[in-house]
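Following: one structure in structure tokens, then a few remarks.
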Amino acid sequence: MPGSAPDPRFRLSPDLALALAEQYGTPLYVLSEAHLRARIREYLAAFRAVAPNSRLVFASKANSTLAVLKIAHQEGCLIDVASEGELRAALLAGVPASDCHLHGNYKTMPELAFAFAAGVGEIVVDSFAEIEAIAELATAETPPSSLVAEALGLPAEVQVRCPDLVIRVAPGVDPATHQKISTGQDDTKFGFNLSDGSAERALLRCLELKLPVIGFHCHVGSQLLDPEAQRAGGEAIAQFAAEMLRRHGFETRVLNVGGGLGVRYTDADNPMPIADYCRLVVEAMRAPLEGTGLDPTLMQEPGRSLVAEAGVTLYRVGVIKTVPTGEGRTRTYASVDGGLSDNPRPALYGSRYTVLRAARADGGEPVGGPAAKYTVAGRHCETDKLFVDVDLPADLAEGDLLQVLCTGAYNSSMASNYNRFLRPPTVMVREDGSLAPIQRRETYDELFAREILPSL
Ligand code: LLP
């Protein structure tokens, strides 16, 4: 299309694809450092332009490789962690605990104790039971767990201060996304409902216990291509903040509207430009605050929109086979050397992707010529249809390399060992073009390291 903007998704040139496959094998996750840094800077600049008093929090569940966490923090993000494991990853990446926000609908006591001992900056509170658990830790005479302190190399008599608390609110908006990744509606395990007064009662309980509560949070869903849900969520928590000031004199210092901005998995996905999106959610949060005197720090917590488009997955085609599907029709399967263990998203959510031939086994030009429909299948003993009915060159051949765009988020972080597959490595293409492995391929020794074979 003349005049149309270049595709913003990172992709590999044939030479680079061949070099990567040769050096690191396939399947392989590849991540562009330049793309990731540029995307974070774009988001930060867009957010600051409309809200100078703002912070961006990277949702580390999208990609918690240590290098990505370090880059996100270097660029100025705080880090959202949803488990002790994600918190430990951030600490290992050199992120101070004070720059980490702990999430989760059920944080276990040891997990909370670990977060206290580490000194996380913020806990996003999700239930009444959690408020009581936090109060218990906050008033404990001894540090929550000297064992935890020891594990972190802290002196046992470490003074434990209660992290700032932000109350997660379920604002009752129903986003248009896959039902498995929508969380803002009333019927959700996350947070405190506005509609039944739970959110207000949570605030009052925190105040009664003299816990350091500073604001409100919502996250309504993920891969949202229509930003109406986030707009409505932002507006709802800001209205709530204004109401809590009026009714209880509570001064909100932080409002966090979560993440959720969608990305371009296929050409049909058309997310709102980041600058427009930031303006929209900031205006939604600002309007109810007008005239209240409240000027909270505004936060967003994106994961996917920062890292997804910086990544590709490289596979090698192994077997091509055409089968009859009835009434004279056929389907051609191209089996690749990965599958749902490295990308569970098609099986879980019916996600579609852009699949391209990255290089030909014979070194020829990978694109051009007539296209044909293929179903790219994985190797797992399941249906494991990774990418159904995608257009690829009609002369696709065994040994060719395929690249799947937009796989930087929720791929390596959701990889499994199903069928005893080894999880793939991630290689970063550095800003200077050099290649740096940031996570190596798993080994069979690691795969069996947890096995205990009793005498049977
Ligand atoms: N904040 C909270 C509290 C969240 O629960 C999430 C995502 C985010 C931020 C970041 O959302 P994002 O900007 O990445 O959309 N595994 C699913 C996605 C689940 C997302 C869960 N929460 C997938 O592969 O699509």
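Quick notes on this structure:
- Residues located in segment 250-275, provided they are part of a loop (DSSP other than H, G, I, E, B), away from the ligand (no atom under 14 Å from the Cβ), closer than 22 Å to residue 48 by Cβ and in contact (Cβ under 8 Å) with a residue 24 or more places away in the chain: 252, 253
- Pairs meeting the criteria (first residue in segment 91-109 and in the same structural domain as residue 188 (by TED's automatic domain parsing), second residue in a loop (DSSP other than H, G, I, E, B) and open to solvent by 60 Å² or more (accessible area, probe 1.4 Å), beta carbons under 7 Å, at least 6 apart or on different chains) are 105/189.
- Considering residues of segment 39-48 that are within 16 Å of the ligand (Cβ to nearest atom) and farther than 25 Å from residue 289 by Cα only, the residue farthest from the chain's Cα centre (by Cα): 42
- Only strands (runs of 3 or more DSSP E) whose full extent lies in segment 1-81 are considered here, and the ones with at least 3 residues that are over 30 Å from residue 378 (Cα atoms) are 54-59, 78-81.
- Candidates in segment 82-96 are the residues that are assigned to a helix (DSSP H, G or I) and open to solvent by 10 Å² or more (accessible area, probe 1.4 Å); of these, the one that is nearest to the ligand (Cβ to nearest atom) is 86.
- Residue under evaluation residue 398, criteria (1) touching a helix residue (DSSP H, G or I) at 6+ places or on another chain (Cβ under 7 Å); (2) farther than 30 Å from residue 449 by Cα; (3) open to solvent by 20 Å² or more (accessible area, probe 1.4 Å), criterion not met: (1)
- Among the residues of this structure, residue 352 counts as one that is open to solvent by 60 Å² or more (accessible area, probe 1.4 Å), closer than 28 Å to residue 269 by Cα and at pLDDT 95 or above.
- The residue list 190, 250 contains one member that is modelled with pLDDT of 95 or more, surrounded by fewer than 24 Cβ atoms within 10 Å (Cβ to Cβ), within 23 Å of residue 121 (Cβ to Cβ) and not β-branched (Val, Ile, Thr), which is 250.
- Every residue from segment 49-72 that is open to solvent by 20 Å² or more (accessible area, probe 1.4 Å), farther than 18 Å from residue 407 by Cβ and within 16 Å of the ligand (Cβ to nearest atom): 55
- Residue in segment 9-20 that is among the small types (Gly, Ala, Ser), outside the structural domain of residue 127 (by TED's automatic domain parsing) and either within 15 Å of the chain's Cα centre (by Cα) or open to solvent by 10 Å² or more (accessible area, probe 1.4 Å) (or both) present: yes
- Residue match in segment 235-247 (condition: closer than 26 Å to residue 291 by Cβ and within 16 Å of the ligand (Cβ to nearest atom)): yes
- Sole exception among (1) over 19 Å from residue 44 (Cα atoms); (2) open to solvent by less than 10 Å² (accessible area, probe 1.4 Å); (3) within 15 Å of the ligand (Cβ to nearest atom) for residue 225, by number: (2)
- Among the residues of segment 396-411, some residue qualifies, meaning at least one is within 16 Å of the ligand (Cβ to nearest atom), in contact (Cβ under 8 Å) with a residue 24 or more places away in the chain and among the hydroxyl-bearing types (Ser, Thr, Tyr).
The values are calculated or read from the model by the stated rules, or taken from the named source; none is laboratory data. Remember, it's a predicted structure, so these values are computed and weren't measured experimentally. No Cβ is skipped: glycine too gets one built from the backbone with ideal geometry, and neighbour counts run over all protein chains shown. Areas reflect the complete protein model, heavy atoms only, side chains present, ligands, DNA and RNA absent. Shrake-Rupley method; radii C 1.70, N 1.55, O 1.52, S 1.80 Å.
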